[in-house]
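This report refers to the structure that appears directly beneath it.
Values quoted throughout were computed directly from the atomic coordinates according to the rules given, and no laboratory measurement underlies them. Predicted model only: the values in this text are computed from it and were never measured. Neighbour counts are summed over all protein chains in view; Cβ atoms, including those assigned to glycine, are modelled from backbone coordinates with ideal geometry.
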Amino acid sequence: MRLPFLLALIISLSAFPALAKEPIRVIDGFVSKVSDGDTVQVQDTLGTKVKVRLYGIDAPETEKRNRKTGRISKPGQPFGEEAFQALKGKIGGQRVTVEVRDIDRYRRAVSVVRLGNRDINQEMVREGFAWAYRQYLERPYASEYIRAEEEARREKRGLWRLGNPQPPWEFRRLSRR
C-alpha cells in the first residue's frame, strides 16, 4: 500500500466538511477483495489499495474466523453470507467508480460505489441484503435508500423474509457485551 497516498487522502478529506453534497474524491479502480456485504478493497491504476465502506447502508455481519486456528472468532448473522456473496457477485473483480464521502474511524473511505451508472449501495438495500443506515444518511441518498428498503420489506426480499431481522448495529452492540 502506498502510505503517502493514503495520508494525502486522509488529510485532504479532513479539510472538507462531512456534509459536502459532492464527493470529496473520486477513485476509479477495480475491486480486488470483498470483505463482507458492505466493505470492499479497491485498487486504483497506480496499484494503491483503499479499503471502502459502502456509504449509507449496513449489511448483516458475516462470521469471522481466526486465520491460524480456523475457529470462529466472531459469530455472523442470518443473511450475512448471502449479503457478502451478493456484493461479490455484483462487483468482485469489476472496475468501479468510488465516490468518497467521508473517512470513518477505521480509516475506510466511506463511499458510494458505482458500476457504470448503477448505485451498488442502493441495489444492496433494494434487494434486501442491507439496511438503509439512517443514522448516517444525507440527501439525496436518504430518501432513495429508505425508499429502497421499504420496497424490499414490502416485497419480502432477502433478509426481509425473516420477518423481524436484527439490525447489524444492534447485533454489534450486543456482541460487545
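Worth pointing out:
- Count - residues of the stretch 59-81 that are within 19 Å of Ala152 (Cβ to Cβ) and surrounded by fewer than 17 Cβ atoms within 10 Å (Cβ to Cβ): 2
- Tally, over the stretch 109-147, of residues that are within 12 Å of the chain's Cα centre (by Cα) and more than 15 Å from Pro23 (Cβ to Cβ): 9
- Scanning the stretch 86-111 for residues that are surrounded by 15 or more Cβ atoms within 10 Å (Cβ to Cβ) and out of contact with any strand residue (DSSP E or B) (no Cβ under 9 Å at 6 or more places or on another chain) yields one hit, Ala86.
- When Thr45, Thr39 are checked against the criterion of being β-branched (Val, Ile, Thr) and exposed (fewer than 13 other Cβ atoms within 10 Å of the Cβ), a single residue qualifies: Thr45.
- The residue that is surrounded by the fewest Cβ atoms within 10 Å (Cβ to Cβ), among those in the stretch 118-147 that are small (Gly, Ala, Ser) and touching a strand residue (DSSP E or B) at 6+ places or on another chain (Cβ under 7 Å), is Ala132.
- Some residue of the stretch 39-55 being under 22 Å from Arg176 (Cα atoms) and assigned to a loop (DSSP other than H, G, I, E, B): no
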